[in-house]
Amino acid sequence: MKIPKEFLLDNWFKLTLLSLVILTIAGGFYWFGLRPSIIKSGCAWIEVHYDAVPAKPASPDWPECLKSKPTVPKTIEEINKLYGCYDATPAQPERNSKKQPSNAQYVNCLREHGL
């Protein structure tokens, strides 16, 4: 469909006004609707970096160490703390993961992005 030249010349003001109204509505939808939701979803998770942890061999006398103590603590952490006995731990590679931010971090992220 071809728009006649006379129609454009006669209604140029109405067409310009209609275009401005449509652009204003679209800009308002982006600025007040779409942009805040994109920022909020971006601030909902923060990336955390964990360094690599080398492997740690078990203490040389791990089984004997547990047997020699008169009372065995309830957790491995208590054993490590009280007696110096520890089991082998495998190496852990460097990694990144995401976690939910605290309320203060979330508010700070929103302010950094202009909300």
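Of note:
- Pair list, Cβ under 8 Å, 6 or more apart: the stretch 1-25 residue modelled with pLDDT under 85, other residue part of a helix (DSSP H, G or I): Leu8/Leu15
- Within the stretch 8-31, the set of residues being surrounded by 10 or more Cβ atoms within 10 Å (Cβ to Cβ) and of a type in the set (Phe, Trp, Tyr) comprises Trp12, Phe29, Tyr30, Trp31.
- When Val53, Val48, Val72 are checked against the criterion of being within 30 Å of Ala104 (Cα to Cα) and modelled with pLDDT under 90, Val53 stands alone in meeting it.
- Number of positions in the stretch 101-115 that are assigned to a loop (DSSP other than H, G, I, E, B) and either of a type in the set (A, V, I, L, M, F, W, C) or surrounded by 10 or more Cβ atoms within 10 Å (Cβ to Cβ) (or both): 4
The values are calculated or read from the model by the stated rules, or taken from the named source; none is laboratory data. This is a predicted model, so every value here is computed, not measured. Every residue, glycine among them, receives a Cβ derived from its backbone with ideal geometry; neighbour counts consider all protein chains shown.
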